[in-house]
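The values are calculated or read from the model by the stated rules, or taken from the named source; none is laboratory data. Quick caveat, the model's predicted, so the values are computed rather than measured. Because the Cβ atoms are built from the backbone with ideal geometry, glycine has one as well, and the counts that use them run over all protein chains shown. With ligands, DNA and RNA removed, areas are computed over all heavy atoms of the protein, side chains included. Shrake-Rupley method; radii C 1.70, N 1.55, O 1.52, S 1.80 Å.
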Amino acid sequence: MPGREHEQLLRTSYFRVLIGDREVGVAEISRLTSKTDLEAPKENRHEFETVVLRRALTRSTDLYDWRRRLAEGGDDRRDVTIHQLEGPDGAIANSWRLVDAWPSRWSGPAFNAAASEIAFEELELTFADLVWLEPTRAQGG
């Protein structure tokens, strides 16, 4: 229709991830999912599927160390913020916060002498709440 503006379609390939206030390079993020079962007891109606962060393995052990602290009995919950960008190095289009996230699983690479693939690590996050942030709150991290 004439005079009608079209909303910009956003890509899934431009994003940033912050664990607490620290940006972490990530290659892939699994789907963000919030579900409600109205037939369930009130305290169990809402649930969030875990989110998996996947990145190329380097010598950095920061994600593994976070998981280790929990495996050793610590309680190290952090907010994780995912910013969807309008383009490469673009402005923030959307942001979601995983509230009180903690690493419920860490996986290292599979090894295969017949392949020459990049080694990846994965961190699976469980969290208390999923919040779609307002643009002004998202800019602050």
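Conditions first: (1) farther than 17 Å from residue 25 by Cα; (2) open to solvent by 30 Å² or more (accessible area, probe 1.4 Å). Residue 79 passes all but one, so which condition is the exception? Every listed condition holds for residue 79 apart from (1).
Could you run through segment 42-101 and say how many residues are among the hydroxyl-bearing types (Ser, Thr, Tyr) and in contact with a helix residue (DSSP H, G or I) (Cβ under 9 Å, 6 or more places away or on another chain)? Full working, then the answer.
Going residue by residue through segment 42-101, those that are among the hydroxyl-bearing types (Ser, Thr, Tyr) are 50, 58, 60-61, 64, 81, 95.
Checking which are in contact with a helix residue (DSSP H, G or I) (Cβ under 9 Å, 6 or more places away or on another chain) leaves us with 61, 81, 95.
Count: 3.
Contact map, segment 37-63: first residue free of Cβ contacts under 8 Å to residues at least 12 places away in the same chain, second residue part of a loop (DSSP other than H, G, I, E, B) and surrounded by 12 or more Cβ atoms within 10 Å (Cβ to Cβ), Cβ cut-off under 8 Å, separation 6 or more or different chains; pairs are 37/45; 38/45.
Residues are listed down the side, and each one gets a yes or a no for (1) open to solvent by 100 Å² or more (accessible area, probe 1.4 Å); (2) within 27 Å of residue 64 (Cβ to Cβ); (3) over 14 Å from the mean Cα position of the chain (by Cα):
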residue: 6; (1), (2), (3): yes, no, yes
residue: 9; (1), (2), (3): yes, no, yes
residue: 20; (1), (2), (3): no, yes, no
residue: 31; (1), (2), (3): yes, yes, no
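Rundown of residues vs (1) in a loop (DSSP other than H, G, I, E, B); (2) among the hydroxyl-bearing types (Ser, Thr, Tyr), yes/no style:
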position	(1), (2)
9	yes, no
16	no, no
40	yes, no
43	no, no
47	no, no
52	no, no
64	no, yes
70	no, no
